[in-house]
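Following: one structure in structure tokens, then a few remarks.
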Amino acid sequence: KSKSKDDRITSIQNLFKIGYSKTDVEERIKNAEREPTYLMAPVSIQGAWKCFNMNPQKLEQLLHNFFGNSCLELDVFDDKSKRHTPREWFIAPIEVIEQAIELIINGKIVNYKFDVENLTIIEKL
């Protein structure tokens, strides 16, 4: 979750970054305020999962696809004024993200979709 002071970011409830890291999460985020992928601001860890018997990049991609219609569309500028459009931030409650992870693990995600208007997971018809 971003600790940004930017009104464009603080005004968005349920904004979370979903990403994969080969390194320890605490190590990965230590320079968040200098990285466009972290919206040029510090972040707080809301959850971390270790993956066993699965490809973590595929898990990340499945989550990005599942929540794709709620992806943040915002440009941020680095310290050299270069524009970046981070694509790993999604507007969804943390409980719903956790529910999606569980559905991926148990193989039932294909039966569901994310309802962006109500910020819930619903069964596909």
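Quick look at the numbers
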| read-out | value |
| --- | --- |
| One residue from 22, 82 being at pLDDT below 95, over 14 Å from the mean Cα position of the chain (by Cα) and of a type in the set (Lys, Arg) | 22 |
| Residue count, the stretch 61-113 (criterion: open to solvent by less than 80 Å² (accessible area, probe 1.4 Å), over 17 Å from residue 35 (Cβ atoms), touching a Phe, Trp or Tyr at 6+ places or on another chain (Cβ under 7 Å) and not small (Gly, Ala, Ser)) | 9 |
| Near pairs, Cβ below 9 angstrom, 6+ apart or cross-chain, from the stretch 100-117 (more than 15 Å from residue 71 (Cβ to Cβ) and without any contact (Cβ under 8 Å) to a residue 24 or more places away in the chain) to any residue that is part of a strand (DSSP E or B) and of a type in the set (Ser, Thr, Tyr) | 103/112 |
| Matching residues in the stretch 27-54 - criterion: being within 25 Å of residue 99 (Cβ to Cβ) and modelled with pLDDT of 90 or more | 28, 29, 37, 38, 39, 43, 44, 45, 46, 47, 48, 49 |
| Of residues in the stretch 2-47 being surrounded by 15 or more Cβ atoms within 10 Å (Cβ to Cβ) and among the charged types (D, E, K, R), the one nearest to residue 73 (Cα to Cα) | 17 |
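The values are calculated or read from the model by the stated rules, or taken from the named source; none is laboratory data. Everything numeric in this text was worked out from a predicted model, so none of it was measured. Neighbour counts run over all protein chains shown; Cβ positions are idealised from the backbone, glycine included. Areas reflect the complete protein model, heavy atoms only, side chains present, ligands, DNA and RNA absent. Shrake-Rupley method; radii C 1.70, N 1.55, O 1.52, S 1.80 Å.
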